[in-house]
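Take a look at the structure set out below.
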Amino acid sequence: MKGVEKISVLTAYDYSTATICDRAGIDILLVGDSAGMVMLGYPSTVPVTLEEMLVFCRAVSRGAEAAMVVGDMPFGSYQQSTSKAIDSAVQFVKAGCDAVKLEGGAEAADRVRAIVDAGIPVMGHIGFRPQTSLLWEGSRLQGKTSDSFSRLLADARALEKSGVFSLVMEMVTAEAADKISKSISIPTIGIGSGPGCDGQVLVVHDALGIYDKIKPRFAKRYADLAEQMFKAISTYRSEVKSGKFPDESNTFHADFSSRTKIASKKRAE
């Protein structure tokens with residue numbers, strides 16, 4: 001699709017959302033470790049475990065008929081060793097994923113190559129890296145200077161050489177992301193990285209206005225479902241308290257007289 005058609009990517013964490021995204025024609029469903037925040041209430045993506053991610057992946061894979069499913073490898077599932085990385089990636093495939101995603105630049109190339117050599121497609125991730133952001137100094141935004149751009153381009157080329165089939169760029173300046181996209185043969189997926197990428201990804205809770213704790217500038221809101229859900233739930237509570245719900249249309253009735261006649265007939269026989 002690179003150079004031919006823009007690639008649409010959304011995160012998904014459950015069966016119901018996956019079926020809707022799939023029906024809408026989303027190309028890739030990313031089971032992101034952002035699930036730790038929007039689904040489990042963690043303060044960041046760092047605490048989410050491999051076991052928790054696999055639960056989400058199984059649910060999404062059941063709901064995706066056409067979309068590609070990519071599982072986000074959480075912090076601690078691939079950093080320790082190559083064998084650990086391969087074992088973790090295998091578990092994602094067994095959970096129904098078509099590919100895995102991991103963060104890291106040139107330093108992650110060996111891990112990527114090992115997973116690819118094991119027969120598992122890998123999506124790379126450079127720019128801002130949420131899993132290790134606390135270890136960094138400076139701004140989240142990457143590619144603001146020529147030195148920063150050079151490091152990003154080197155990372156992108158190292159990952160391309162290692163065998164990634166696509167590359168997420170998060171919080172990269174539009175100018176740097178555009179140049180990188182044109183400098184490598186694999187498709188780039190941007191998040192907060194401008195329109196020059198080959199595709200775009202958003203956290204579905206951001207796009208639908210469900211998660212309010214963080215409102216990234218780059219995340220366009222296509223709906224405000226949090227407010228709609230709040231109003232609907234408040235109305236339900238009010239109707240339960242007042243006795244308005246359930247009404248006749250939500251109620252079932254028995255015909256005890258018919259049951260009595262049938263029972264009497266059986267006794268007579």
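Yes/no per residue for (1) more than 20 Å from GLU51 (Cβ to Cβ); (2) surrounded by fewer than 19 Cβ atoms within 10 Å (Cβ to Cβ):
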position	(1), (2)
LYS94	no, yes
LYS101	no, no
GLY105	yes, no
MET123	yes, no
GLY127	yes, no
THR132	yes, yes
- [ ] Within segment 227-245, identify whether any single residue is part of a helix (DSSP H, G or I), more than 24 Å from ASP155 (Cα to Cα) and of a type in the set (Phe, Trp, Tyr), and answer yes or no.
- [x] yes
Open item on the list: Here is a list: ALA223, ALA219. Which entry is without any contact (Cβ under 8 Å) to a residue 40 or more places away in the chain, closer than 17 Å to LEU141 by Cβ and either among the polar types (S, T, N, Q) or part of a loop (DSSP other than H, G, I, E, B) (or both)?
Closed with: ALA219
Open item on the list: Which count do you get for residues in segment 94-120 that are closer than 15 Å to LEU29 by Cβ and out of contact with any Asp or Glu (no Cβ under 7 Å at 6 or more places or on another chain)?
Closed with: 6
Open item on the list: I'm trying to understand the selection: among the residues of segment 246-265, which are small (Gly, Ala, Ser), modelled with pLDDT of 85 or more and assigned to a helix (DSSP H, G or I)?
Closed with: SER249
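Residue by residue, here is whether (1) surrounded by fewer than 20 Cβ atoms within 10 Å (Cβ to Cβ); (2) within 21 Å of ILE189 (Cβ to Cβ) holds:
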site	(1), (2)
TYR15	yes, no
ASP22	yes, yes
LEU30	no, yes
MET37	no, yes
PRO43	yes, no
THR49	yes, no
VAL55	yes, no
ALA64	no, yes
GLY76	yes, no
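Does CYS57 meet the test of being of a type in the set (A, V, I, L, M, F, W, C) and in contact (Cβ under 8 Å) with a residue 60 or more places away in the chain?
no
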- [ ] Give the residue, chosen from SER242, SER238, SER193, that is in the same structural domain as ILE120 (by TED's automatic domain parsing), of a type in the set (S, T, N, Q) and at pLDDT 95 or above.
- [x] SER193
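The values are calculated or read from the model by the stated rules, or taken from the named source; none is laboratory data. Keep in mind that what you see is a predicted model, and the values were worked out from it rather than measured. Cβ: placed from backbone, ideal geometry, glycine included. Neighbour counts: every protein chain shown.
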